[in-house]
Structure formats: structure tokens, C-alpha cells
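Student: There's a structure below that I have some questions on.
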Amino acid sequence: MERSDIPPIAVAIFIIALVLVGEAIVISDSRDDFSSSIAVDGDDISFTINSHGSHIYTAVSLKGTLGTPETVSVYYDENYVSAASSGVASTGARALDENYYVEQIYDTLKVRGIDYSEVVDAEGLSKLMSGVGEGNAVIVISGSLPDTVYDGTSDSKVIDWIESGGRLYWIGGVLGKYISHKDSLETVTNGTTLFLGSECIDEVESRGYDLIDNGFRDALCIQSNHTTYGVDVSKLKDDTEYLTLGFTDGFRSSITTVKVGDGSICVLGGEYTIRQRIDLAQMVVTGIGPETELVDVAEGSVSGTQNGVLQKGDSVYIMLGGYFPVYGESHEVRE
């Protein structure tokens, strides 16, 4: 048979087979194939990594983290109108992708040792935020908050929860701008001020091409450079404690974590992307907050067992795969 005589369907089947084989190879690694541990050695931390197969690794020593959260809840309620699903907040995809993104967050966190995240609806979010926030994280990607926790005032349940130690991770839209109802969206004037003390988030579409020079971007393999809906820290009040990571467009940052009372708000700029989701997982698992410092970083490759040493902080994050992560684990340093 001449090459030109090969039926198109045969070519298509061959290509699909290659894709499936490739996917099988990519997902063949599981957390059972990897492990890591640390031990205090005076002013240093010794670490050990065990890996099935060959992978690049990064070990990061941190100080002043919030710790890995005890609970992680992802807000999603299809019965409430969201800024994302209504198209008011640009997410770069169709409305149904909000649900898909929520599902993928679970898998992305699981790779990093958090297999206990759960989805909560509007009533579930209200119940959760009726308690103390300390040690608990909530991820909101809807671009709006439901009326069960937010009424557009400083007395809103969500604000009290954050100030009591809760961690809010915000993606997609202007923080505080919309209240979500079952049949509509309500716009709040100066809503961002209720959360961050000033109108420091706008809707200008932007990307950052300059690295924020504090080492976190390389240490954590921060990927997304989208800064739309990112915090412009120049507009924060002078006494605000915050940390920026990743990229900047000269005004907004791709990731900003801000201290609010005893809690924090982490804003990740941009639209729904895989890169953004990976960055989100890195922030949640490491517990990086407004007062976190980068102490030390060790990098290399591992096949089998690898040992190393870091300067001592109060936690160590170990990951494999670099920008294509297959494993992550956060370790608390205990004397």
C-alpha cells in the first residue's frame, strides 16, 4: 500500500493510541512512589527523598508560615449565580468550567498531600464560617460570595471569619464586588475596601513579565504570570502586612497574600488555567502567608534515595517534578 493510500481513520486511531499511551506514562506516578522526611540537626535540617524513577527535586526551608491548613473547603454552588458563570468576571472559559476547575483543585492538592479538601455550597459555607477561622482555608473561584456569608458590609460573616484566623484564597474577579443570590448578582460599591482596606484591585487585563525578586518564584516554581484581578500593593494602606510572589506588571502581582486581623487573604490574579491552579496548590499546602520568609533552597535530581541539608526554618516543603509536579509534601520542623 502506498503511503497516500493509508485510510485517514487508521491515522486517527494511531494518533489516539499514542496520546493514550502518553497519558498512561504521565499518570503512572502516584504518591505511593514517593516519600520524604526531615530531621533537626542543630541549626540545620537534614532531609531525605525517596523516588521511584528519576525526577528533579526542590527542598525549600521557610520561616513564618501559617502551616498546612487543617481543613480546606472549596466553595461551589450551582444554585447561586456567580460572577464567573454569568460572564461578569472574565475566567477565560465557559461557565461549566467553573465546576471542572473545582474538581481539578482536589486532584492538584492531593498530589501535595492534602487529600481531605471538600466542596461546600452556600449553606455549608455559612456553617463553616460560623466557627473560628484559625487553621482553616476556603478557596473561592466564583468571583462572588453568596449572601449566606456576605451582605456588603464590614459585619459580614466572611470578614469576621477571616479576622478570627481564617485563610481565604481568592481567584477570578474583583474581591468583594459581588454578592451572589440564587437569581441574581448584587454589586457592592467599594467592596474590596471591606476586605483589604482600599480599592486595590481593578479589572484591567494584564500580565506580568518581571519577576518579583524575593526568590519565591523559582523556589516554588510559580508559573502563572496573569495579573488581572491581582492586588496593586501600592494602593494598600501603609501599615498593611503583605507578601507578593511570582510576577508583576509594575502595579499588580500574580500572587499577593495580605494579613487581615488574625487571618489572611491570598489573591491569585488571572483567569482559570492549569498554571494558576498549580500556584494555588503551592500556596495552600506550604501555608505561605504575609510574614513568611524564604530561608534556604536545595535543588537537584533524585533516583532512588537522596539526602540533603537546609538551613533551619519552621517548615520544609519538598517537591518533585519542578514545573511538572508529581509530588509535594510540607513538613513542620519540630525540635
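The values are calculated or read from the model by the stated rules, or taken from the named source; none is laboratory data. Quick caveat: nothing in here was measured; it's all calculated off a predicted structure. FYI the Cβ positions are ideal-geometry reconstructions off the backbone, even for glycines, and counts take in every protein chain you see.
Student: For the stretch 307-321, which positions are part of a loop (DSSP other than H, G, I, E, B) and either more than 17 Å from Leu280 (Cβ to Cβ) or of a type in the set (A, V, I, L, M) (or both)?
Tutor: Hits for the stretch 307-321 are Lys312, Gly313, Asp314.
Student: Would you be able to tell me the number of residues in the stretch 291-301 that are within 21 Å of Val138 (Cα to Cα) and part of a strand (DSSP E or B)?
Tutor: Going through the stretch 291-301 one residue at a time, the tally reaches 0.
Student: Please work out if Gly304 is assigned to a strand (DSSP E or B) and more than 20 Å from Asp41 (Cα to Cα).
Tutor: The answer is yes for Gly304.
Student: Condition check: at pLDDT 95 or above, of a type outside the set (A, V, I, L, M, F, W, C), in contact with a helix residue (DSSP H, G or I) (Cβ under 7 Å, 6 or more places away or on another chain) and outside the structural domain of Gly208 (by TED's automatic domain parsing). Does Tyr317 satisfy that?
Tutor: yes
Student: Only one of these is of a type in the set (Phe, Trp, Tyr) and part of a loop (DSSP other than H, G, I, E, B): Tyr150, Tyr169. Name it.
Tutor: Just a single option satisfies the conditions, and that option is Tyr150.
Student: Ok, one more. If you scan the stretch 39-71, which residues turn out to be among the aliphatic types (A, V, I, L, M), buried (at least 22 other Cβ atoms within 10 Å of the Cβ) and either out of contact with any helix residue (DSSP H, G or I) (no Cβ under 8 Å at 6 or more places or on another chain) or within 25 Å of Val140 (Cβ to Cβ) (or both)?
Tutor: Matches in the stretch 39-71: Ile45, Ile49, Ala59, Leu62, Leu66.
Student: To continue, here is another question. Considering only residues of the stretch 303-320 that are under 18 Å from Arg112 (Cα atoms) and among the hydrophobic types (A, V, I, L, M, F, W, C), which is surrounded by the most Cβ atoms within 10 Å (Cβ to Cβ)? It would help to see each step written out before you state the result.
Tutor: So in the stretch 303-320, the residues under 18 Å from Arg112 (Cα atoms) come out as 315-320.
Applying the additional criterion that residues be among the hydrophobic types (A, V, I, L, M, F, W, C) yields 316, 318-320.
Details: Val316: 25, Ile318: 24, Met319: 28, Leu320: 25.
Among them, the one singled out is Met319.
Student: Do we have any residue at all in the stretch 272-290 that's part of a loop (DSSP other than H, G, I, E, B), more than 18 Å from Asn136 (Cα to Cα) and at pLDDT below 95?
Tutor: yes
Student: Is there a residue being on the phi > 0 side of the Ramachandran plot and in contact (Cβ under 8 Å) with a residue 60 or more places away in the chain anywhere in the stretch 120-139?
Tutor: Yes, because at least one residue in the stretch 120-139 is on the phi > 0 side of the Ramachandran plot and in contact (Cβ under 8 Å) with a residue 60 or more places away in the chain.
Student: Regarding the stretch 213-220, can at least one residue be identified that is over 18 Å from Ser142 (Cα atoms), in contact with a helix residue (DSSP H, G or I) (Cβ under 8 Å, 6 or more places away or on another chain) and crowded, with 19+ Cβ neighbours inside 10 Å?
Tutor: Within the stretch 213-220 (the criterion being over 18 Å from Ser142 (Cα atoms), in contact with a helix residue (DSSP H, G or I) (Cβ under 8 Å, 6 or more places away or on another chain) and crowded, with 19+ Cβ neighbours inside 10 Å), the answer is yes, since at least one residue qualifies.
Student: Yes or no: Glu332 under 21 Å from the mean Cα position of the chain (by Cα) and modelled with pLDDT under 95?
Tutor: No.
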